[in-house]
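Colleague: Sharing a structure below in structure tokens format, with a few things to ask.
The values are calculated or read from the model by the stated rules, or taken from the named source; none is laboratory data. Since the structure is predicted, the reported quantities are computational estimates derived from the model, not experimental observations. No Cβ is skipped: glycine too gets one built from the backbone with ideal geometry, and neighbour counts run over all protein chains shown. Surface accessibility is based on the protein's heavy atoms, side chains included, excluding ligands, DNA and RNA. Shrake-Rupley method; radii C 1.70, N 1.55, O 1.52, S 1.80 Å.
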Amino acid sequence: MSKEEDEMATRRKALTDIVKGAGYLALGGLTWGGYVKEAKATEFALRPPGALPEKDFVKACIKCGLCVEHCPYDTLLLSEHGDKKVIGTPYFDARTIPCYMCVDIPCVPVCPTGALDVMSLTSIDEETQEEKLDINMSKMGVAVVDPDNCVAFWGIQCDVCYRACPLMDEAISLVYEKNERTGKHAFLKPEVHREICTGCGLCEKACITEEASIIVLPHEIVTGKVGAHYIKGWDKNDENRLRKEKELEKKGDEMKSTLDYLNNTDDLFNEE
Amino acid sequence: MKNSKYLILRRLVQLGLLFLFIGGNVYGWKVLEGNYSTAWVFESFHLSDPYAVLQMLATFYMPLSEVLIGALILFFFYALIGGRVFCSWICPINIITDFASYLQRKFNIAPLMKTKEVSRNIRYYVLVLGLILSSLFGIAAFELINPITVLHRALIFGVGFSSSIVLIIFLFDLLILEHGYCGHICPVGAFYAATGRFRALKVFHDKDNCTLCMKCKIVCPEPQVLGLIGKETAKIKTAECTNCARCIDVCDDDALKFKI
């Protein structure tokens with residue numbers, strides 16, 4: 001083989017090797033990436049108090065289990081394969097063991113990454129002006145009542161969830177209504193106040209029906225979004241929400257340029 | 001038991017640490033809490049896996065200083081002092097892959113591929129790919145499959161189906177690729193290998209004592225680092241050496257020892 005041919009052969013081999021390497025990377029990346037995507041697309045999870053919104057929480061949690069170790073009631077679990085949660089992250093099942101709302105919140109300050117945010121559970125004492133932990137600020141989820149299976153909606157007196165609630169009369173109140181069927185009794189229907197409910201799940205644990213008729217769901221699942229089309233004319237603060245949405249829209253304006261281009265007919269008849 | 005001083009010491013360290021972690025969860029001991037992603041030591045400071053924190057940063061999440069400092073401590077410890085001692089002295093997966101390798105030697109089991117036939121650089125690609133995927137999908141990609149922490153969580157928080165990963169790695173090493181997981185794939189070890197070149201602790205080889213028996217090359221999980229055997233009196237430079245000291249154990253001629 002001449003020297004030139006030899007050089008060509010090395011060059012060819014180098015090129016093939018590069019392409020081959022890229023192929024291996026693509027093979028690995030697509031397989032692994034597919035798994036990551038699947039592993040992230042999970043069922044909802046009830047997180048410990050103070051958890052960041054789910055999207056940020058799964059980034060921030062380093063899966064060390066310190067919150068789980070410091071939970072005195074064994075409420076918190078670390079997810080495993082088959083639990084349908086992001087693997088290794090903490091969650092709890094309210095029907096099995098709910099959050100008992102420890103006043104010193106042992107699970108949160110031990111979090112080393114900030115996935116459980118202490119500041120979201122800190123309020124300032126009005127008298128001493130000192131910062132203090134307040135478990136009642138937690139937003140682990142929202143209790144939702146199933147009116148078809150809750151016996152209180154049948155006219156049977158129960159009020160177990162109402163009494164189990166650590167924020168009785170604030171997070172759950174009883175609504176009195178006349179029972180037209182019997183004509184002489186009252187319905188005592190539980191009503192959840194979303195802005196106060198912490199999602200601790202004590203109500204779900206206490207519920208007397210075979211499957212709980214009041215269950216805790218994460219905020220992301222039960223919260224809707226009105227959009228900018230509706231505005232409360234009677235509420236001055238609602239104007240701010242609209243302004244915010246407008247600002248967001250403006251930021252997205254550049255995206256619309258293609259459509260504008262198609263709709264713009266000014267130049268169309270401007271032939272010279 | 002003869003010629004196993006370092007091996008026994010390593011197993012004691014590996015199992016001892018696991019024991020302390022398990023005690024931390026079950027009995028509330030405050031020596032080591034958490035796991036190998038992040039350990040809380042005496043409830044005063046954290047030690048964090050630098051690669052896990054790097055993946056977190058790749059998702060554009062800025063963690064609290066606790067884990068950042070914890071990751072820096074370990075990063076500098078391994079980079080400047082220990083090299084890959086995590087792999088051979090701490091990581092529990094090492095016990096499994098060493099066992100697979102022992103069985104291969106003892107019973108002459110030939111895996112599908114010998115270690116020489118497959119590139120040892122795959123792990124560096126896995127390392128980079130892990131960071132890219134973390135960034136793309138907004139979640140620490142390797143931490144979803146990291147068998148070290150999966151096994152560790154299974155041991156500390158209760159054994160479940162996840163612990164089958166141990167068997168998978170054992171069989172992979174035993175039957176498919178010799179020194180497969182730790183030597184070819186694991187990006188955690190690759191991270192320490194890539195950063196450990198300037199470590200203080202190195203294995204030193206004395207050519208004059210060497211009788212070329214090659215026992216060291218047979219037991220070494222990263223045999224490519226022993227190229228200097230019988231040729232050169234020097235320290236092993238490449239940080240792919242895990243400082244496991246198995247070569248020192250088996251050498252009958254006093255030709256290998258630790259040197260700082």
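Colleague: Just to be sure before I move on: is B:Ile156 of a type outside the set (Lys, Arg) and either touching a strand residue (DSSP E or B) at 6+ places or on another chain (Cβ under 6 Å) or open to solvent by 40 Å² or more (accessible area, probe 1.4 Å) (or both) in the structure I sent?
Modeller: Against the criterion (of a type outside the set (Lys, Arg) and either touching a strand residue (DSSP E or B) at 6+ places or on another chain (Cβ under 6 Å) or open to solvent by 40 Å² or more (accessible area, probe 1.4 Å) (or both)), B:Ile156 does not qualify.
Colleague: While we're looking at this one, here's another question. Give the range B:222-258 a look and list any residue that's without any contact (Cβ under 8 Å) to a residue 40 or more places away in the chain and under 20 Å from B:Cys87 (Cβ atoms), or say none.
Modeller: B:Val225, B:Leu226, B:Gly227, B:Lys235, B:Ile236, listed by residue number.
Colleague: Same structure, new question: Within the range B:138-162, track down each residue that is part of a helix (DSSP H, G or I), more than 9 Å from chain A (Cβ to nearest Cβ) and over 17 Å from B:Cys186 (Cα atoms).
Modeller: Residue satisfying the conditions is B:Leu155 alone.
Colleague: For the range B:131-138, does any single residue satisfy the condition of being within 16 Å of B:Met56 (Cα to Cα), open to solvent by 60 Å² or more (accessible area, probe 1.4 Å) and not hydroxyl-bearing (Ser, Thr, Tyr)?
Modeller: Scanning the range B:131-138 turns up at least one residue that is within 16 Å of B:Met56 (Cα to Cα), open to solvent by 60 Å² or more (accessible area, probe 1.4 Å) and not hydroxyl-bearing (Ser, Thr, Tyr).
Colleague: Is it true that A:Lys13 is more than 18 Å from the chain's Cα centre (by Cα), basic (Lys, Arg) and not assigned by TED's automatic domain parsing to the domain that holds A:His219?
Modeller: When the stated conditions are applied, A:Lys13 passes them.
Colleague: Exactly one of these conditions fails for B:Cys87: (1) in contact with a Gly (Cβ under 8 Å, 6 or more places away or on another chain); (2) surrounded by fewer than 19 Cβ atoms within 10 Å (Cβ to Cβ); (3) in contact (Cβ under 8 Å) with a residue 12 or more places away in the chain. Give me its number.
Modeller: Of (1) in contact with a Gly (Cβ under 8 Å, 6 or more places away or on another chain); (2) surrounded by fewer than 19 Cβ atoms within 10 Å (Cβ to Cβ); (3) in contact (Cβ under 8 Å) with a residue 12 or more places away in the chain, only one is false for B:Cys87: (2).
Colleague: Pick out the one residue from B:Gly34, B:Gly28 that is without any contact (Cβ under 8 Å) to a residue 24 or more places away in the chain and out of contact with any strand residue (DSSP E or B) (no Cβ under 8 Å at 6 or more places or on another chain).
Modeller: Going through B:Gly34, B:Gly28 in turn, just one is without any contact (Cβ under 8 Å) to a residue 24 or more places away in the chain and out of contact with any strand residue (DSSP E or B) (no Cβ under 8 Å at 6 or more places or on another chain): B:Gly28.
Colleague: Tell me yes or no: at least one residue of the range B:191-206 is over 20 Å from the mean Cα position of the chain (by Cα), surrounded by fewer than 22 Cβ atoms within 10 Å (Cβ to Cβ), free of Cβ contacts under 8 Å to residues at least 24 places away in the same chain and outside any helix (DSSP H, G or I).
Modeller: no
Colleague: Can you go through A:Val118, A:Val144 and tell me which one is modelled with pLDDT of 95 or more and surrounded by fewer than 18 Cβ atoms within 10 Å (Cβ to Cβ)?
Modeller: Unique residue meeting the criteria: A:Val144.
Colleague: Still on this structure, please answer the following. With respect to the numbered conditions (1) under 19 Å from the mean Cα position of the chain (by Cα); (2) within 20 Å of A:Glu195 (Cβ to Cβ), which one is the sole condition not fulfilled by A:Ser123?
Modeller: Result: A:Ser123 fails condition (1) only.
Colleague: Okay, next question. Residues of the range A:9-38 being closer than 16 Å to B:Phe137 by Cα, open to solvent by 90 Å² or more (accessible area, probe 1.4 Å) and not basic (Lys, Arg), which ones?
Modeller: Selection gives A:Leu30, A:Thr31, A:Glu38.
Each row is one residue, and each column tells you yes or no for (1) assigned to a strand (DSSP E or B); (2) under 18 Å from the mean Cα position of the chain (by Cα); (3) modelled with pLDDT of 95 or more; (4) surrounded by fewer than 20 Cβ atoms within 10 Å (Cβ to Cβ).
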{"position": "B:Phe19", "(1), (2), (3), (4)": "no, no, no, yes"}
{"position": "B:Ile22", "(1), (2), (3), (4)": "no, no, no, yes"}
{"position": "B:Gly28", "(1), (2), (3), (4)": "no, no, no, yes"}
{"position": "B:Glu33", "(1), (2), (3), (4)": "yes, no, no, no"}
{"position": "B:Tyr36", "(1), (2), (3), (4)": "no, yes, no, no"}
{"position": "B:Ala39", "(1), (2), (3), (4)": "yes, yes, no, no"}
{"position": "B:Tyr51", "(1), (2), (3), (4)": "no, yes, yes, no"}
{"position": "B:Pro63", "(1), (2), (3), (4)": "no, no, no, no"}
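Colleague: For A:Ile87, state whether it is surrounded by 14 or more Cβ atoms within 10 Å (Cβ to Cβ), part of a loop (DSSP other than H, G, I, E, B) and at positive phi.
Modeller: no
Colleague: Somewhere in the range A:39-56, is a residue at negative phi, within 7 Å of another protein chain (Cβ to nearest Cβ), open to solvent by less than 30 Å² (accessible area, probe 1.4 Å) and at pLDDT 90 or above?
Modeller: no
Colleague: Looking at B:Ala100, is it farther than 26 Å from B:Lys237 by Cα, more than 12 Å from every other protein chain (Cβ to nearest Cβ) and open to solvent by less than 30 Å² (accessible area, probe 1.4 Å)?
Modeller: yes
Colleague: Could you run through the range B:98-143 and say how many residues are under 19 Å from B:Phe172 (Cα atoms), free of Cβ contacts under 8 Å to residues at least 12 places away in the same chain and not basic (Lys, Arg)?
Modeller: Matching residues across the range B:98-143 total 6.
Colleague: Is it the case that some residue within the range A:201-213 is part of a loop (DSSP other than H, G, I, E, B), open to solvent by less than 60 Å² (accessible area, probe 1.4 Å) and either at pLDDT below 95 or assigned by TED's automatic domain parsing to the domain that holds A:Asp134 (or both)?
Modeller: No; the residues of the range A:201-213 include none that is part of a loop (DSSP other than H, G, I, E, B), open to solvent by less than 60 Å² (accessible area, probe 1.4 Å) and either at pLDDT below 95 or assigned by TED's automatic domain parsing to the domain that holds A:Asp134 (or both).
Colleague: While we're looking at this one, here's another question. Does the range B:66-76 contain any residue that is at the interface with chain A (Cβ under 8 Å from one of its Cβ atoms), within 18 Å of B:Ala141 (Cβ to Cβ) and either outside any helix (DSSP H, G or I) or of a type in the set (D, E, K, R) (or both)?
Modeller: Within the range B:66-76 (the criterion being at the interface with chain A (Cβ under 8 Å from one of its Cβ atoms), within 18 Å of B:Ala141 (Cβ to Cβ) and either outside any helix (DSSP H, G or I) or of a type in the set (D, E, K, R) (or both)), the answer is no, since none of the residues qualifies.
Colleague: Here is a list of conditions, (1) touching a Leu at 6+ places or on another chain (Cβ under 9 Å); (2) in a helix (DSSP H, G or I); (3) under 16 Å from B:Tyr192 (Cβ atoms), and B:Leu47 meets all of them except one; can you say which number that is?
Modeller: (2)
Colleague: Residue by residue through the range B:209-232, note down the ones that are modelled with pLDDT of 90 or more, farther than 25 Å from B:Glu178 by Cβ and either in a helix (DSSP H, G or I) or touching a strand residue (DSSP E or B) at 6+ places or on another chain (Cβ under 8 Å) (or both).
Modeller: B:Asn209
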